[in-house]
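The values are calculated or read from the model by the stated rules, or taken from the named source; none is laboratory data. Keep in mind it's a predicted model, so treat the numbers as computed, not measured. All Cβ positions, even for glycine, are placed from backbone atoms using ideal geometry, and neighbour counts span all protein chains on display. Calculation scope for accessible area: heavy atoms of the full protein, side chains included, ligands and nucleic acids excluded. Shrake-Rupley method; radii C 1.70, N 1.55, O 1.52, S 1.80 Å.
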Amino acid sequence: MTHDHDLVLRPTEAQRAAALAPPPGRTGGDLVVETLCSLGANTVFGLPGQRALALFDAVGRSDLRFIGLRTENNAGFAADAYGRMTGEAVPLLLSAGPAALMALPALAEAAAASAPVVAISAQVPAAGLGGGRRGHLNELRDQSASFREVVKSVHSARTPSQIPSVIAEAWESALTAPPGPVYVEIPEDVLRDETVIPQVTGVDATPHELAPRPELTAVAAHWLENAARPVIIAGGGVIRSDAAGKLRQLAERVNAPVVTTYGGKGAFPWTHPLSLQSWLEDRHTTDFLEDADVLLVVGSGLGELSSNHHTFFPTGRVVQIEADLGKLESNHAALGIHADARLALQALLETVAEREDEAAPERVRLLLADIAARTTPQDPSPERELLASIRAALPPRSPSFWDMTALSYRAWSAFDPKHPNTMHSAQGAGGLGYAFPAALGAAVAEPGTPVLAVSGDDGAMYSIAELATAVQHALDVTWLIVDDGGHPTRPDFAALAASFGVPATTTTPQSLRADLTQALKTPGPSLVFLTPPPRI
């Protein structure tokens, strides 16, 4: 009798020939690259450094597209955005010591946003590992310890033969729900030394599906179809699992109003009769959510920004669907369903009966009217006009990336993203300098689609060097820099962009729409500087 576990995939004749006569001069770096290619990678981000030269040399001998940025942190932001846009794992190649540590803020953002970045870092030679303090350049007592509390998982290869399995394991971890960044480190000599290991051709890393338990979805479906005032909160997990269509089907079947978190913007149509939009920091929305007798939370941990700074306290039953086990019931008691959002919503759709509620759209309309009545007197017209101008200029399917700046904070609530997975910001971890390098990564992921980055004058200074990257790769990114008026001394951004060969325009609130429209239509990078400062 033959059992499934007795079956072994046998090499083809071509694979046997390649194994018996591998090309000469291959190194551990080639093993890394061959493994990445076998896993389906076609683009890598990073910044070369001394300890990782063998790795970058191997990239240069391969068919991989290398996007080199000017700092490791910006390379990490670009990789993050590439992962968000494609849903694919994306390699981020780093050198050792300070070079690796420079990527930590970007990996923290990737972790908060569940972006599947595979950071592969060099290390000092293997003899210098273990805290022996041999005085190597870039030496840290335990480099991986700096990443352990930031990334999803940490992996290390100490010999050439470990490289394919270690990278495949990391790749699988990065893509398994909830996706997220992972960290791999390999000593310099393991990357540099020649190897007789055959070419890597048969690596596979299939992420595990995280399906809901049927007894839990049965209870959730019963609660929803019998609710008097059900409401849905849609978080970033809906976007990451490509579940916006299923969310809409469920909301319409049970007539439940939907509010999206800032990370979940675009998960539900902005102008839908059941859309509460994204006004999560408004007390009227908080009261509406607290009044729900059944609250379905999909792909959100109800953290600080999603709970109106922890002032939201549900009074009815709560169902929470969350792929990150650590976030399940972390803020509120609930019927916790540990599952991927798409699979859980599909299970609910297969179970829940239709629920009639002709009053639901009217309740939504009245809430939005209350919000408008409260915000209009407090919302200076330049701010509303700026967001309206940006929305009018930006093509509906173009992605936008927003830095931590005053206009972005307003956009979290007020900006209509038009489509899922088209509005991203650094609100996951809250670091500055995210928007422009992230937009570059998105432009690599979606060539031919204009991409918008929005920064304040302070955040822009974190990534100004990446204008060179944008020019080098001819990326279709328009960078809107808003003078927030926080610093009396700043550069002439238009002149600075021009020095990189980037077309630049200084605009005003009145001319922003026309100038931004023109910039987004112009192939390649462009910069629009908004001054004088609007009242934000």
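Please enumerate the residues belonging to segment 459-483 that are among the aliphatic types (A, V, I, L, M) and either assigned to a loop (DSSP other than H, G, I, E, B) or more than 18 Å from residue 390 (Cβ to Cβ) (or both). Of everything in segment 459-483, those that are among the aliphatic types (A, V, I, L, M) and either assigned to a loop (DSSP other than H, G, I, E, B) or more than 18 Å from residue 390 (Cβ to Cβ) (or both) turn out to be 461, 464, 465, 467, 468, 470, 471, 474, 475.
Do you know which residues across segment 484-521 are in a loop (DSSP other than H, G, I, E, B) and touching a residue at least 40 places away in the same chain (Cβ under 8 Å)?
Let us first name the residues in segment 484-521 that are in a loop (DSSP other than H, G, I, E, B), namely 484-492, 500-503, 508-511.
Matches in segment 484-521: 484, 485, 509.
Checking residue 206 against (1) over 28 Å from residue 31 (Cα atoms); (2) without any contact (Cβ under 8 Å) to a residue 40 or more places away in the chain; (3) among the hydroxyl-bearing types (Ser, Thr, Tyr), which single condition isn't satisfied? The number of the failed condition is (1).
The single residue among 406, 353 that is surrounded by fewer than 19 Cβ atoms within 10 Å (Cβ to Cβ), within 30 Å of residue 441 (Cα to Cα) and among the aliphatic types (A, V, I, L, M) turns out to be 406.
If you take the residues in segment 69-97 that are charged (D, E, K, R) and closer than 23 Å to residue 340 by Cα, which one is least open to solvent (accessible area, probe 1.4 Å)?
To start, the set of residues in segment 69-97 that are charged (D, E, K, R) comprises 70, 72, 80, 84, 88.
Going one step further and asking which of them are closer than 23 Å to residue 340 by Cα, we end up with 80, 84, 88.
Values: 80: 0, 84: 37, 88: 86 Å².
Only one residue fits best here, namely 80.
Of all residues in segment 348-367, those that are closer than 16 Å to residue 253 by Cβ have Cβ atoms under 6 Å from Cβ atoms of residues that are open to solvent by 20 Å² or more (accessible area, probe 1.4 Å) and not in a helix (DSSP H, G or I), 6 or more apart or on another chain, in 355/255; 357/255; 360/255; 361/273. A search for C-beta distances below 7 Å between a residue of segment 129-153 that is within 29 Å of residue 109 (Cα to Cα) and open to solvent by 40 Å² or more (accessible area, probe 1.4 Å) and any residue that is part of a strand (DSSP E or B) and modelled with pLDDT of 70 or more, counting only pairs 6+ apart in sequence or on different chains, returns 129/123; 129/187; 148/154; 152/182.
Look at (1) among the small types (Gly, Ala, Ser); (2) open to solvent by 40 Å² or more (accessible area, probe 1.4 Å); (3) in a helix (DSSP H, G or I) and you find that residue 211 fails only one, number (3). Considering 111, 100, the condition of being among the hydrophobic types (A, V, I, L, M, F, W, C), modelled with pLDDT of 95 or more, closer than 19 Å to residue 167 by Cα and open to solvent by 30 Å² or more (accessible area, probe 1.4 Å) is satisfied by 111 alone. Would you point out the residue of segment 16-67, among those that are among the polar types (S, T, N, Q), open to solvent by 20 Å² or more (accessible area, probe 1.4 Å) and in a helix (DSSP H, G or I), that is modelled with the lowest pLDDT? Looking at the filtered set, the residue picked out is 50. Residues of segment 441-458 that are within 19 Å of residue 82 (Cβ to Cβ) and not in a strand (DSSP E or B): 441, 442, 443, 444, 445, 446, 447, 448, 449, 450.
Let's see how each residue does on (1) open to solvent by less than 60 Å² (accessible area, probe 1.4 Å); (2) within 19 Å of residue 413 (Cβ to Cβ):
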site: 295; (1), (2): yes, no
site: 303; (1), (2): yes, yes
site: 309; (1), (2): no, yes
site: 312; (1), (2): yes, yes
site: 317; (1), (2): no, no
site: 320; (1), (2): yes, no
site: 329; (1), (2): no, no
site: 333; (1), (2): no, no
site: 338; (1), (2): no, no
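Against the conditions (1) farther than 22 Å from residue 353 by Cβ; (2) open to solvent by less than 10 Å² (accessible area, probe 1.4 Å); (3) touching a residue at least 40 places away in the same chain (Cβ under 8 Å), residue 242 satisfies every one except (2). Restricting segment 155-200 to residues that are in a strand (DSSP E or B) and either open to solvent by 40 Å² or more (accessible area, probe 1.4 Å) or among the small types (Gly, Ala, Ser) (or both), the residue that is nearest to residue 30 (Cα to Cα) is 194.
For segment 59-87, the set of residues classified as free of Cβ contacts under 8 Å to residues at least 60 places away in the same chain and among the acidic types (Asp, Glu) consists of 63, 72, listed by residue number.
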